[in-house]
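A.B. asks: Handing you this structure, nothing more for now.
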Amino acid sequence: SAQSGEGLARDLANPLSTLTRVPLELDWDRKVGPNRDGDRFTVRALPTLPVDLNRDWNLISRTDARFVAQSDVAPGAGHQFGFGDVTQHFLFAPKRPTAGGLLWGAGPALLLPTGTDGRLSSRKYGLGPTGAVVFQDGGVTYGVEAHHLWSVAGDDARGDVSVTRLRPFAAYTTRDAWTFGVDADSTYDWKSKQGSTPVTLSASKLATIAGRPVNVGGGLRHYVDSADGGPHGWAFRVSATFAFP
């Protein structure tokens, strides 16, 4: 029904909802590298699994895994094609919001050097805090996700990792299960003292494909700030989130 579809779409907009999901994102970043003549395609999978701990708490596991194809991202770099590093998040979240309607979750994040190419991996194990704060009021969902990672082991020949990610977001879900959103997915590298901030406008629609609810959408991004070796200008995204209610 339209109402149940709206509720499911709202749950998909909430990173702390108790909904098992597998989002898949395909990003095309342009003008990558100091000479701005590189391209990067990234397929990102973020399987999210809530675990019922007891009557008051959930554990939300979110895995951020990437497959990357890139070319000319640095002078003489050529082409790379393979898996990137994995970031694993564990958020302990109360089942009920506060009296003010606040939902929150916090816990550890892990960096795993699973990259199959030296240009796709930090070659470091990392550890740090992760968290999220979310408000929902009717069809409006807004909040912020954040984490920081420090390297704790790995290849001594590679530089240490100290990276902060901050993602404020807002979304509006209509009664017919359209969701329109905006976010700024900022990262800052404390070692290189450089950051990146792409702002994304997105739209998605909850549909049923082969009997399975799937949220299908796309987005247009612009990098308002970029590291020297990062993407610049406009970028594009298509996405599909498979829900398991």
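The values are calculated or read from the model by the stated rules, or taken from the named source; none is laboratory data. Note that the structure is a prediction, hence the values are computed from the model and not measured. Positions of Cβ are backbone-derived with ideal geometry, glycine not excepted, and every protein chain shown enters the neighbour counts. Protein only, heavy atoms only, side chains kept; ligands, DNA and RNA dropped before computing areas. Shrake-Rupley method; radii C 1.70, N 1.55, O 1.52, S 1.80 Å.
A.B. asks: Taking the conditions exactly as written (buried (at least 18 other Cβ atoms within 10 Å of the Cβ) and outside any strand (DSSP E or B)), does Ser151 satisfy them or not?
C.D. replies: No: the conditions fail for Ser151.
A.B. asks: Then there's this: For region 159-180: of the residues being more than 17 Å from the chain's Cα centre (by Cα) and among the aromatic types (Phe, Trp, Tyr), which is least open to solvent (accessible area, probe 1.4 Å)?
C.D. replies: Step by step, filter region 159-180, then rank; the result is Trp178.
A.B. asks: Could you grab me the full set of residues in region 195-239 that are open to solvent by 50 Å² or more (accessible area, probe 1.4 Å), over 21 Å from Phe180 (Cβ atoms) and not hydrophobic (A, V, I, L, M, F, W, C)?
C.D. replies: Gly211, Arg212, Asp225, Asp228
A.B. asks: Among the residues of region 197-218, what is the count of those that are without any contact (Cβ under 8 Å) to a residue 24 or more places away in the chain and within 18 Å of Phe169 (Cα to Cα)?
C.D. replies: 2
A.B. asks: Identify, please: which residue in region 52-68 is part of a loop (DSSP other than H, G, I, E, B), out of contact with any Leu (no Cβ under 9 Å at 6 or more places or on another chain) and of a type outside the set (Asp, Glu) and is, among those, least open to solvent (accessible area, probe 1.4 Å)?
C.D. replies: Across region 52-68, the extreme among qualifying residues is Asn54.
A.B. asks: If the requirement is being within 22 Å of Gly115 (Cα to Cα) and part of a loop (DSSP other than H, G, I, E, B), which of these qualifies: Gly195, Gly159?
C.D. replies: Among Gly195, Gly159, only Gly159 is within 22 Å of Gly115 (Cα to Cα) and part of a loop (DSSP other than H, G, I, E, B).
A.B. asks: When you go through (1) outside any loop (DSSP other than H, G, I, E, B); (2) open to solvent by less than 60 Å² (accessible area, probe 1.4 Å); (3) of a type outside the set (Val, Ile, Thr) one by one for Leu26, which number turns out not to apply?
C.D. replies: So the condition that Leu26 fails would be (2).
A.B. asks: Determine whether region 181-188 contains at least one residue that is open to solvent by less than 60 Å² (accessible area, probe 1.4 Å), among the hydroxyl-bearing types (Ser, Thr, Tyr) and either in contact (Cβ under 8 Å) with a residue 40 or more places away in the chain or not in a strand (DSSP E or B) (or both).
C.D. replies: Among the residues of region 181-188, not one is open to solvent by less than 60 Å² (accessible area, probe 1.4 Å), among the hydroxyl-bearing types (Ser, Thr, Tyr) and either in contact (Cβ under 8 Å) with a residue 40 or more places away in the chain or not in a strand (DSSP E or B) (or both), which makes the answer no.
A.B. asks: Turning to a different aspect of this structure: Hey, does region 122-144 have a residue that's assigned to a loop (DSSP other than H, G, I, E, B), touching a strand residue (DSSP E or B) at 6+ places or on another chain (Cβ under 7 Å), of a type in the set (A, V, I, L, M, F, W, C) and within 26 Å of Ser17 (Cα to Cα)?
C.D. replies: No - not one qualifying residue is present in region 122-144.
A.B. asks: In region 118-141, how many are within 17 Å of Ala93 (Cβ to Cβ), free of Cβ contacts under 8 Å to residues at least 60 places away in the same chain and open to solvent by 50 Å² or more (accessible area, probe 1.4 Å)?
C.D. replies: Total satisfying the criteria: 3.
A.B. asks: Could you please give the count of residues in region 33-51 that are open to solvent by less than 60 Å² (accessible area, probe 1.4 Å), part of a strand (DSSP E or B) and in contact (Cβ under 8 Å) with a residue 24 or more places away in the chain?
C.D. replies: 6
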